[in-house]
Amino acid sequence: MRDRESLLRPRYPRSPERIPKENPFFRDDKSTGSPRRLVLRPRAAAKALGLSTSTLNRLVRAGEIKCIRLDRITLYPMEVLEAWLKSKLERADDEKPCP
């Protein structure tokens, strides 16, 4: 019978050539050192913005938010989402403040 530590270790460790390469859809966040996504799928993008997916789709159709379509996959670059939020914040500064 194997002891507890040996049960937690992988039975066949990966050889160095089989270690996954750096994922191009992630970038290390400079402040935390953890990977940061470069693009989001629709559900994750809507959640990040605090919107529903139908509202996000409506904003895309209106041309307010741009997306990338690869075959059947829709991707939202984080830079586009951040720029959209920043533009909304700048417009909100011109109007009356939130309660």
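The values are calculated or read from the model by the stated rules, or taken from the named source; none is laboratory data. Everything numeric in this text was worked out from a predicted model, so none of it was measured. Cβ coordinates were reconstructed from backbone atoms using ideal geometry, including for glycine residues, and neighbour counts include every protein chain displayed.
Computed values, structure above
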item: Condition broken by T74, with the remaining ones in (1) at pLDDT 70 or above; (2) surrounded by fewer than 14 Cβ atoms within 10 Å (Cβ to Cβ) satisfied; result: (2)
item: L59 assigned to a helix (DSSP H, G or I), modelled with pLDDT of 65 or more and surrounded by 10 or more Cβ atoms within 10 Å (Cβ to Cβ); result: yes
item: Residue check, R36 in a strand (DSSP E or B) and modelled with pLDDT under 90; result: yes
